[in-house]
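Notes follow once the structure below has been shown.
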Amino acid sequence: MAFTININGTSHSVDVDGDTSLLWVLRDVLGMTGTKFGCGMALCGACTVHIDGAATRSCITSVDSLDKSMVTTIEAIGASPAGAKIQKAWLDHEVVQCGYCQSGQIMSASALLASNPRPTDADIDDAMSGNICRCGTYVRIREAIKLAAQSSKEG
Amino acid sequence: MIPDHVDSPAPDTNLSRRSFLATGVAVGGGLMLSLSLPFGASDAAPSDGFTPNAFIRIGNDGQVVLTMPYVEMGQGTYTSIPMLIAEELEVSLKQVRLEHAPPNEKLYANPLLGVQATGNSNAMRGAWKPMREAGATARTMLVTAAAKRWGLDPSTCQAQDGAVIHAPSGRRLAYGELASEAAQLPVPSNVTLKSAADFRLIGTRAKRLDAPGKVNGTAIYGIDVRPAGVKIATLAQSPVFGGRVRSVDDTAAKAVNGVRQIVRLDDAVAVVADHMGAAKKGLAALKIEWDEGAHAGLGTDEVVRKLDQATLGPGAVAQTVGDVDKAMAGAATKVEASYQVPFLAHATMEPMNCTVHFRKDECEIWIGSQAMARVQNMAAKAADLPPEKVIVHNHLLGGGFGRRLEADGAVRAVQIAQHVDGPVKVVWTREEDIQHDMYRPYWFDRISAALDAEGKPVAWKNRFAGSSVLARWLPPAFNKGLDPDSTEGAIDLVYDLPNFHVEFVRVEPPGIPTAFWRSVGPSHNVFVTESFIDELAFAAKQDPVAYRRGLLDKAPRAKAVLDLAAEKAGWGQKLPERVGRGVSLQNVFGSYMAQVAEVEVAKDGTVRVRRVVCAIDCGTVVNPDTVQAQIQSGIMFGATAALYGEITVKNGRVEQANFDTYQIIRINEAPAVEVHVVSSTEPPGGLGENGTSAIVPAVANAIFAATGKRLRKMPADANLLKA
Ligand code: FES
Ligand code: FES
């Protein structure tokens with residue numbers, strides 16, 4: 001069945017079963033491969049996107065639940081002020097290693113920063129503990145979020 | 001230009017790179033330089049001493065292209081290896097472009113492994129001299145070419161920032177203008193390398209070249225490739241090791257919207273679909289009956305029993321010094337223990353996947369692999385094609401850790417693709433990835449020591465049993481019952497031990513495949529030796545740091561890292577109840593490392609690693625930021641193993657399936673990590689795996705300090721640690 005979904009400000013029409021996860025629609029149907037598959041069970045955060053601004057696991061979000069929602073993915077997060085700050089902090093602080101988890105990390109961190117410009121360590125734990133990084137970049141993720149928050153204060 | 005991701009070049013399997021080496025002219029003109037690495041030079045016939053291994057290509061447009069024989073899997077190789085070449089070539093990192101090397105064992109063998117692979121923390125160790133020599137050779141030739149054109153003595157000219165300059169006259173020629181002429185010159189046999197004092201890149205915090213594409217979603221990993229018309233497949237392999245498909249009812253699966261085809265193999269069934277959602281749904285709808293085969297009743301306990309038994313019999317002697325039995329007999333105190341470490345899965349963040357387009361007489365593969373030539377060879381065998389008919393494109397790896405040194409995923413994808421018209425991307429679910437991994441071996445150690453009246457160890461004896469990964473992966477490396485990986489960290493200890501005897505017994509677990517896993521041998525051996533030395537300190541009623549220190553008179557680099565870690569960690573300072581510090585010390589992968597872990601054990605027995613202080617002497621530091629990053633990473637990887645890591649088998653099946661049952665440390669559980677580097681001008685040592693092996697005993701020793709309970713089996717069992 002056909003669904004019209006809004007991704008990064010553009011509408012797309014896709015013909016899949018309604019219970020198909022947004023993750024597969026993004027990656028396999030629309031070819032937007034920045035959003036990653038890690039577990040398929042909301043356990044790792046690699047597939048995180050924003051749905052109406054809220055960090056959401058696309059692997060358990062069925063396409064028929066989207067309705068008029070606005071989906072934002074890693075490909076467009078740099079257009080939002082929080083996303084741009086997070087991406088810059090990630091580069092300035094050399095967070096990435098293999099990088100596979102980082103789309104999801106950046107999406108979670110951007111949502112955090114957008115809603116909470118001065119996150120504490122506990123806020124960071126809350127917002128980020130759903131995102132696994134097998135390369136163990138956690139020390140730098142924490143520092144980079146603080147760096148981005150700092151730049152928000154200055155800018 | 002710095003690419004934001006690195007794609008494979010079109011593989012030139014038919015083109016002999018060596019043939020145009022003879023002329024030195026790169027495709028499209030310009031200078032191409034090959035380099036020969038010590039492994040090929042020393043072991044091959046002398047006439048074959050110029051076995052090229054990697055390439056620098058300088059185009060007439062001045063573009064410097066480096067062909068990378070090592071793969072990027074997060075460890076920063078794509079930045080640190082180019083730094084070596086750029087340093088000597090006198091170009092900035094911005095001026096270089098990278099290409100993956102195509103599979104070619106002859107050209108791109110890892111000098112420390114002898115095959116084309118990235119692992120064993122040796123990219124930098126193998127590359128350190130040859131890559132700088134490659135850069136220096138090219139620089140020398142470019143300078144000579146410029147001097148010739150100007151009619152000057154080369155010694156009056158110098159290379160600087162991608163050009164040759166003659167300072168007195170202010171003349172300047174960019175490399176691109178010189179490339180063709182340089183290519184005509186004879187390759188100098190002796191070049192002078194820069195001295196450490198003149199390094200302008202090595203030792204600096206160079207920015208990672210691969211980072212930008214990884215923060216904006218454009219980086220392409222193996223799982224992201226999309227050749228035109230690609231279908232997506234997912235699969236179920238026999239849940240029992242070695243089982244086979246008995247029957248498949250695919251009626252319901254075929255009815256799923258988007259499912260195109262069901263492929264039945266001997267020991268697996270795959271569902272081919274338009275997208276992974278449909279493939280997974282189809283897979284769930286399949287009714288498969290398995291013939292479970294010989295391992296249907298297999299359990300971990302059976303494996304452990306066999307290993308335990310094997311440690312009672314003789315093994316291959318890995319190292320022997322003095323007379324252990326005599327020293328044991330006359331000693332004041334004897335300490336004995338047995339240790340165990342579990343099977344572990346890799347759980348790379350990017351699940352196993354491989355894309356294959358099987359055509360009539362050739363086969364094209366897209367993958368992220370640590371061992372491309374292995375992929376090519378094994379895929380060729382599976383496809384019944386000559387290797388040159390198998391084209392392999394390598395992509396970024398979403399984690400390697402040893403898993404992507406194996407080609408089983410490529411073979412599986414070829415088997416499936418042989419039944420599919422057009423390209424098919426085979427993506428394993430996380431459950432398949434964990435349950436059909438090739439595992440870090442289970443090891444069992446029986447260890448004993450004798451102390452003299454002052455508590456010094458006068459005898460050390462260890463016999464351990466487990467799988468030899470190298471015996472399967474690189475058979476010539478397994479010799480007389482031993483291989484260098486299984487014993488690393490168990491022998492050649494930093495301590496002064498006058499009577500020392502270590503034996504290894506190779507025992508392969510029935511049906512369970514084993515493989516390299518970040519730090520492999522040392523991941524087990526350092527846990528055992530560093531826990532046991534702690535036991536000896538306790539038996540001698542001495543402080544663990546002071547005790548180790550007393551055995552290090554012949555190992556100044558080891559003593560220096562131990563002192564540094566202890567000082568920075570505030571060793572000896574008082575801690576609250578059920579909080580403890582533990583230390584570990586190792587010399588593995590060519591680097592010395594000490595760690596002090598601080599743990600807190602809750603009343604219910606759960607362990608939290610609060611802080612880790614690490615001191616390392618890894619010789620010359622190429623990129624200080626990479627050192628920090630790799631050690632932080634290795635520590636998290638090892639902490640995961642110490643706290644949670646365990647694969648168990650019951651009824652022939654792996655019991656863990658996804659991140660709920662195979663836990664990975666998360667940010668809220670991650671320790672603060674401090675890394676202190678001892679400055680050194682020794683050649684670089686390894687980095688990628690050292691943090692992993694050292695953290696496990698540091699945590700176990702800290703748990704002992706916090707609770708008085710000695711954990712001789714990993715991972716930490718909360719039930720044993722309750723208050
Ligand atoms: S893939 Fe969605 S949370 Fe792991
Ligand atoms: S950077 Fe590799 S999983 Fe996070």
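The values are calculated or read from the model by the stated rules, or taken from the named source; none is laboratory data. Just so it is clear, the model here is predicted, and its values are computed rather than measured. With ideal geometry, Cβ positions are generated from the backbone for all residues, glycine too; neighbour counts draw on all protein chains shown. The accessibility values were calculated without ligands, DNA or RNA, using every heavy atom of the protein model including side chains. Shrake-Rupley method; radii C 1.70, N 1.55, O 1.52, S 1.80 Å.
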With the alpha-carbon atoms as the only input, what is the per residue convex hull volume for the stretch A:2-72 in Å³? 74
If a paramagnetic tag sat 7 Å from the Cα of B:Leu720 along the Cα-Cβ line, which residues of the stretch B:335-355 would have the backbone N under 20 Å from that point? B:335-345
Rounded Å value of the spacing that divides the Cα centres of the stretch A:111-136 and the stretch B:573-627: 24
Which percent of the accessible heavy-atom area of the stretch B:225-345 goes to carbon and sulfur, probe 1.4 angstrom? 47
Taking the solvent-accessible surface of protein heavy atoms with a 1.4 Å probe, what is the per residue accessible area of the protein assembly as shown in Å²? 35
List the trypsin sites (Lys or Arg not before Pro) in the stretch B:496-591 that DSSP assigns to loop (not H, G, I, E or B) and whose Cβ has at most 14 other Cβ atoms within 10 Å. Which are they? B:Lys541, B:Lys554, B:Lys574
In a Gaussian network model of chain A with springs linking alpha carbons closer than 10 Å, the residue among A:Thr72, A:Thr61, A:Thr48 that fluctuates most is A:Thr61
If R₀ is 25 angstrom, what is the calculated FRET efficiency for the pair A:Ala2 and A:Met70, using the beta carbon separation as r and rounding to 0.05? 0.85
Across the residues of B:398-409, average count of Cβ atoms on other protein chains within 10 Å? 2
Which residue, chosen from B:Cys614, B:Pro476, B:Gly399, occupies the Cα position most advanced towards the positive end of the dipole of the protein assembly as shown, where the dipole is computed from +1 (Lys, Arg) and -1 (Asp, Glu) charges on Cβ about the Cα centre? B:Cys614
Suppose every Lys and Arg Cβ carries +1 and every Asp and Glu Cβ carries -1, with no other charges. What dipole size does chain B come out with about its Cα centre, to the nearest 20 debye? 620
Of the listed pairs B:Lys568/B:Lys603; A:Lys36/A:Lys88; A:Lys36/B:Lys360; B:Lys456/B:Lys722, which have alpha-carbon separations greater than 22 Å here? B:Lys568/B:Lys603; A:Lys36/B:Lys360; B:Lys456/B:Lys722
Under a point spin-label approximation (7 Å from Cα along Cα-to-Cβ), what is the B:Ser247-A:Asp17 distance to one decimal in nm? 2.4
Computed about the Cα centre, the charge dipole of the stretch A:77-154 from +1 Lys/Arg and -1 Asp/Glu charges at the Cβ has a magnitude in debye, to the nearest 20, of 120
I'd like the Karplus ³J(HN,Hα) series for the stretch A:86-98: coefficients 6.51, -1.76, 1.60, θ = phi - 60°, whole numbers in Hz, and an x wherever there's a Gly or Pro. 5, 4, 5, 4, 4, 6, 4, 9, 6, 6, 6, 10, 4
Of A:His12, B:Leu720, B:Ala566, which is farthest along the charge dipole of the protein assembly as shown in the positive direction, counting Lys and Arg as +1 and Asp and Glu as -1 at C-beta? B:Ala566
Around B:Pro624 (Cβ within 15 Å, Cβ-to-Cβ, excluding B:Pro624; K/R +1, D/E -1) the net charge comes to 0
Just checking the output field for B:649-660: average partner chain Cβ neighbours within 10 Å of each residue's Cβ? 2
According to the square roots a ≥ b ≥ c of the eigenvalues of the Cα gyration tensor, what is the shape class of the stretch B:328-478, taking rounded for a/c under 1.5, prolate for a/b larger than b/c otherwise, and oblate for the remainder? prolate
Let a ≥ b ≥ c be the square roots of the eigenvalues of the Cα gyration tensor of the protein assembly as shown; is it rounded (a/c under 1.5), or, if not, prolate (a/b larger than b/c) or oblate? rounded
Could you tell me whether chain B comes out rounded, prolate or oblate from its Cα gyration tensor? Rule is a ≥ b ≥ c as square roots of the eigenvalues, rounded for a/c under 1.5, then prolate if a/b exceeds b/c, otherwise oblate. oblate
Could you calculate the contour length gain from B:Ala296 to B:Ala284, that is, 0.36 nm times the residue separation minus the distance between their Cα atoms, to one decimal place in nm? 2.1 nm
What percent antiparallel are the DSSP beta bridges of the protein assembly as shown, to the nearest 5? 75
With θ taken as phi - 60° and the coefficients 6.51, -1.76 and 1.60, list the Karplus ³J(HN,Hα) couplings across the stretch B:285-290 in order, rounded to whole Hz; mark glycine and proline as x. 7, 6, 10, 10, 10, 10
So, in nm, how far is label B:His419 from label B:Lys568 when the simple model puts each one 7 Å beyond its Cα toward the Cβ? 5.5
Computed Rg/Rh of the stretch A:77-154, alpha carbon atoms with Kirkwood Rh: 0.91
Protein accessible surface hidden between A and B, which excludes ligands and nucleic acids, total in Å², probe 1.4 Å: 4700
Counting other Cβ atoms within 10 Å of each Cβ, which chymotrypsin sites (Phe, Trp or Tyr not before Pro) in the stretch B:516-584 have at most 13 and sit in a DSSP loop? none
Within 10 Å of each Cβ in peptide B:270-278, how many partner chain Cβ atoms are there on average? Round it to a whole number, please. 6
Report, in whole Å, the centroid distance computed from the Cα atoms of the stretch B:282-315 and the stretch B:544-565. 43
If I model a spin label as a point 7 Å beyond the Cα along the Cα-Cβ vector, how far apart are those points for A:Ser129 and B:Arg149 in nm? 6.4
